[in-house]
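A quick write-up on the structure given underneath.
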Amino acid sequence: MEDENIKHNFIKTIINEDLEKGKNNGQVVTRFPPEPNGFLHMGHSKSICLNFGIGKEFNGKCNLRFDDTNPEKEEQKYIDAIIEDVHWLGFDWGETIHYASDYFHQLYDFAIELIKKNKAYVCALSAEEMRKYRGTLTEPGKDSPDRNRSVEENLKLFESMRKGEFEEGAYVLRAKIDMASPNINLRDPIIYRIKKMDHPRTGSEWCIYPMYDFTHGLSDAIEGITHSLCTLEFQDHRPLYDWILDEVSAPCHPQQIEFARMNLNFTVLSKRKLQKLVENHHVEGWDDPRLPTLAGIRRRGYTPASIRNFCNIIGVSKKESRIDVGLLEDCLRSDLNEHAPRVMGVLKPLKVTIENWPEGKTEALDAANHPQNPDMGKREVIFSREIFIEQDDFMEDAPKKFFRLAPGREVRLRYAYFITCKEVIKDDTGQITELICTYDPATRGGDSPDGRKVKGTLHWVSREGSVPAEINLYDRLFLNEDPEADTDDFTKNLNPESLVVLKNSRVEKSLVNAVPEKAYQFERTGYFCTDSKESSPDKLVFNRAVTLRDTWAKMKPKGKPRPKKTKNAKK
RNA sequence: UGGGGCGUCGUCAAGCGGUAAGACACAGGAUUUUGAUUCCUGCAUUCGGAGGUUCGAAUCCUCCCGCCCCAGCCA
């Protein structure tokens, strides 16, 4: 799967038109501007792929810029995690990582410029008073009593704010726009507030911090961004973005373009909700493989290429949508189908004794690492008298369509021999504990010289050729397509079987030194990788990234029902 | 009942006045030492609705309907 150019979308149309008009001297510069207050998730990957993708495609560049204007919520650990995640996804930003905090001095000067133009004033209204003065959606706001403060006094007060002479909340700096604007964002928005708090990067240098609306457009302008892509909820802020850039001597005037954020069904994509799942221990941390965080999905076995491909496939538009996670899974499958080596692992082992195989004898058989790609080579798998097959691959009263093992039936063991089931052994409770089979020496490697056909081919592992492993089977985190459906508390819709731990699995020996996060296809069951945190050569722990498509499971009448889809679900 | 957006197949999504791409899903079929993969085939006479302009409309105009966002000293 190769990374192609970004699928056509309305943003590319705009950029192409700009290029034709010769706007920005033919330059295209974008930016990905995360706030370092949490971990990156799939929603961010859409923005990352879009911004970096466009930068690359138009021979421009894309800056990584931390929007770090609120020290109350931001931490260095998030900065580090975000850098790692963006890098992992496969993007580079050259030498420099940008920070809005790098511009605090310039931003401060721009604020003074605004004050001098009588376009900003220091306001003493309390938070509650300010809310009252702001008006409502249908009623205009009222001017603050401080709105006509003199330029000199504003300058003096703002300087005092900066020097730390006031308590938090005592004063704010506001843009002087229009308290009667139908757009609430234009009703004299706050652009600076006092926060007596150390900043992860500027330490105690500042006790006033600029607000998003003031910071963002100016940071864009300082960096020479040409197209500032953000999500739909900022549409109402665009007039403010433009107002600030127009009123101040900004080096250029980037264009803000909004697109719809990504939503995925059967999961949540908001920092607040993800945080709740983590803090209330519904999952084991930000990198829990069930979470749609990049850290989680990575640990689960997703590849950067599959996510990039996914982000391209879903496209970019202004329509709010909820994408089927099935599509994400499919992108992973298509990447891994091509690149993952094949191995054998038995999730729920059922002991099989080959009664006509000599005790103590082992035999090495050739197995292809990728049947469709001989370049990936082959390996040896060990056959012996005692082997294990999947419990699901045996049925005592098997229907005709069951192409697997049953009393008297013959199947092929992949790359090994044909075996026939002779006897079923059970314990006192009626549980099947062992199968006695015979093998046909003439079928070595899996071919039958007499041309006889066998319907099923099973994966297997021998006692001597395998090691124990623990396997984490992950499923969708929520039972409902819309986790918010029919409840005011989305945690009530959590899927209790989102993680099933198998303690007694066995995998072929070649997997002992598997590299963490490198995915393998366990033939016939799915794609797995060793857990980067829990696994070691002494105790292998595998995570299932995604199952293989399973048409048998689909036609099987019984079995665990899939989570239901809820149509048009509402809260 | 202020302002800003959005409505094209089950889910995404191209389309920009010349007669509905593609992907996933779904349904058939072929090949198969993974019930996988791969490969064929089918799947919107119709674009939220109603009018209008035009030789011609998903694309232009009018009205209506539905959904989303905004009243943090968050981003």
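Read-outs throughout are calculated quantities, based only on the coordinates presented, and are distinct from any laboratory measurement. Being a predicted model, the structure only gives us computed values, none of them experimental. No Cβ is skipped: glycine too gets one built from the backbone with ideal geometry, and neighbour counts run over all protein chains shown.
Just to confirm the filter: which trypsin sites (Lys or Arg not before Pro) across region A:480-541 are DSSP coil and have at most 11 other Cβ within 10 angstrom of their Cβ?
Working: sites: A:K492, A:K503, A:R506, A:K509, A:K518, A:R524, A:K533, A:K539; in loops: A:K518, A:R524, A:K533.
Nothing satisfies the criteria.
Could I have the simple spin-label model distance between A:E75 and A:S150, label points 7 Å from Cα toward Cβ, reported in nm to one decimal?
So the two model labels end up 4.8 nm from each other.
Run through region A:57-97 and list the GluC sites (Glu not before Pro) located in a DSSP loop whose Cβ has at most 14 other Cβ atoms within 10 Å. The partial results should precede the final answer.
Numbers: sites: A:E57, A:E72, A:E74, A:E75, A:E84, A:E95; in loops: A:E72, A:E74, A:E75, A:E95.
Answer in residue order: A:E72, A:E75, A:E95.
Please compute one quarter of the surface area of the Cα convex hull for region A:165-283 and express it in square nanometres.
Numbers: hull surface 43.3 nm².
Result: 10.8 nm².
So what is the calculated 222 nm ellipticity per residue for chain A, using -39500 (n - 2.57) for each DSSP H run with n of 4 or more, over all residues, to the nearest 500 deg cm²/dmol?
-7500 deg cm²/dmol
Lys and Arg at +1, Asp and Glu at -1: add these up for the other residues within a Cβ distance under 15 Å of A:K156 and post the number. Mind showing how you got there, number by number?
Details: positive: A:K116, A:R149, A:R162, A:K163; negative: A:D146, A:E152, A:E153, A:E159, A:E165.
Computed value for this residue: -1.
Please report the net charge: other residues with Cβ closer than 15 Å to the Cβ of A:N356, K and R +1, D and E -1.
On the way: positive: A:K361, A:R385, A:K422, A:R444; negative: A:E355, A:E359, A:E363, A:E386, A:E410, A:E423, A:D440.
Its environment carries a net charge of -3.
Go through A:263-269, A:212-218 and give me the packing order, highest mean Cβ count within 10 Å leading.
Values: A:263-269: 20.3, A:212-218: 23.6.
Peptide ranking by packing, descending: A:212-218, A:263-269.
Under the definition of Cα pairs under 8 Å and six or more residues apart, what whole-number percent is the relative contact order of region A:10-259? Don't skip to the answer; put the middle values down first.
Working: 398 pairs, mean separation 45.3, N = 250.
Averaging sequence separation for qualifying contacts and normalising by length gives 18 percent for region A:10-259.
Is region A:266-346 best put as rounded, prolate or oblate by its Cα gyration tensor, with a ≥ b ≥ c the root eigenvalues, rounded for a/c under 1.5, and otherwise prolate when a/b is larger than b/c, oblate when not?
Working: a/c = 2.51, a/b = 1.16, b/c = 2.17.
Oblate.
What spacing in nm lies between the two simple spin-label points modelled at A:D242 and A:D397, each 7 Å away from Cα in the Cβ direction?
So the two model labels end up 7.4 nm from each other.
Highest mean first, how do A:140-149, A:292-301 rank when packing is the count of other Cβ atoms within 10 Å averaged over residues? The partial results should precede the final answer.
On the way: A:140-149: 15.5, A:292-301: 24.2.
My ranking of the peptides, most packed first, is A:292-301, A:140-149.
Do any of A:K509/A:K539; A:K12/A:K56; A:K12/A:K319; A:K73/A:K271; A:K378/A:K518; A:K61/A:K271 go past 21 Å between their Cα atoms, and which? Please report the intermediate quantities before stating the final value.
Details: A:K509/A:K539 12 Å; A:K12/A:K56 12 Å; A:K12/A:K319 16 Å; A:K73/A:K271 12 Å; A:K378/A:K518 18 Å; A:K61/A:K271 27 Å.
Long pairs (Cα-Cα over 21 Å): A:K61/A:K271.
So if I take the centroid of the Cα atoms in region A:320-351 and the same for region A:183-258, what is the distance between those two points in Å?
Region A:320-351 and region A:183-258 have Cα centres separated by 42 Å.
Which of the chymotrypsin sites (Phe, Trp or Tyr not before Pro) found in region A:423-516 are in a DSSP loop and have at most 12 neighbouring Cβ atoms, other than their own, within 10 Å? If you can, show how the numbers build up before the last one.
Details: sites: A:Y439, A:W460, A:Y474, A:F478, A:F490; in loops: none.
Here no loop site has a sparse enough neighbourhood.
Label A:V512 and A:K163 with points 7 Å out from Cα along Cα→Cβ: what is the distance between them in nm?
Reported label-point gap for A:V512 and A:K163 is 7.3 nm.
Got a sec? How would A:I387, A:I184 order by Cβ neighbour count within 10 Å, fewest to most?
Working: A:I387 30, A:I184 13.
Going from sparsest to densest Cβ surroundings: A:I184, A:I387.
Taking the Cα atoms of chain A, report the difference between the largest and smallest coordinate on each principal axis, in whole Å and largest first.
101, 51, 42
Where does each of A:E390, A:E279, A:E113 land when they are ranked from fewest to most other beta-carbon atoms within 10 angstrom? Let's see the in-between values first.
Values: A:E390 20, A:E279 9, A:E113 15.
The fewest-first ordering by Cβ neighbours comes to A:E279, A:E113, A:E390.
Between A:A170 and A:Q106, what's the calculated FRET efficiency when r is the beta-carbon distance and R0 is 25 Å? Round to 0.05. Provide the component values of the computation, followed by the final result.
On the way: r = 25 Å, r/R0 = 1.00.
Computed FRET efficiency for A:A170 and A:Q106 comes out at 0.50.
Between the helical axis of A:76-89 and the dominant principal axis of chain A, each derived from Cα atoms, what acute angle in degrees is found, rounded to the nearest 10?
Roughly 60 degrees between the two axes.
For an R0 of 30 angstrom, estimate the FRET efficiency from the Cβ-Cβ distance between A:L502 and A:T362 and round to the nearest 0.05. Mind dumping the intermediate values first?
Numbers: r = 26 Å, r/R0 = 0.86.
So, using R0 = 30 Å, E works out to roughly 0.70.
Length gain on complete extension for the stretch A:S321 to A:E464, per 0.36 nm per residue less the alpha carbon to alpha carbon distance? All intermediate terms of the calculation are to be shown ahead of the outcome.
Working: separation 143, 0.36 × 143 = 51.48 nm, distance 5.15 nm.
Here the segment from A:S321 to A:E464 would lengthen by 46.3 nm.
For region A:33-159, what mean projected area does the convex hull of the alpha carbons give, in nm²? Spell out each step's value before the answer.
Details: hull surface 45.3 nm².
Directional mean of the projected Cα hull area for region A:33-159 stands at 11.3 nm².
Assign one of three labels to region A:10-259, namely rounded, prolate or oblate, based on the Cα gyration tensor with a ≥ b ≥ c the square roots of its eigenvalues; rounded applies when a/c is under 1.5, prolate when it is not and a/b is larger than b/c, and oblate otherwise. Let's see the in-between values first.
On the way: a/c = 1.92, a/b = 1.47, b/c = 1.30.
Note, shape of region A:10-259 comes out prolate.
Would you mind calculating the gained length between A:D486 and A:D538 on full extension (0.36 nm times residue separation, minus the Cα-Cα distance), in nm to one decimal? Intermediate results must be reported in sequence, preceding the final value.
On the way: separation 52, 0.36 × 52 = 18.72 nm, distance 4.55 nm.
Full extension from A:D486 to A:D538 adds 14.2 nm.
Quick test of your reading: applying the under-4.7 Å Cβ rule, which cysteines of chain A are isolated?
Result for chain A is A:C62, A:C123, A:C207, A:C230, A:C252, A:C331, A:C421, A:C437, A:C529, no neighbouring Cys Cβ within the cutoff.
In terms of Cα to Cα distance under 14 Å, which aspartates and glutamates are near enough to A:K455, apart from those fewer than 8 places away along the same chain?
A:D393, A:E410, A:D447
Within a Cβ distance under 9 Å of A:I471, other residues only, what is the Lys/Arg minus Asp/Glu net charge?
Details: positive: A:K503, A:R544; negative: A:E470.
Result for the local shell: +1.
Expressed as a fraction of 2.2 N^0.38 Å, the rule-of-thumb size for a compact globular protein of N residues, what is the C-alpha radius of gyration of region A:346-459?
Working: Rg = 14.5 Å, N = 114, 2.2 N^0.38 = 13.3 Å.
Cα-based Rg divided by the globular estimate yields 1.09.
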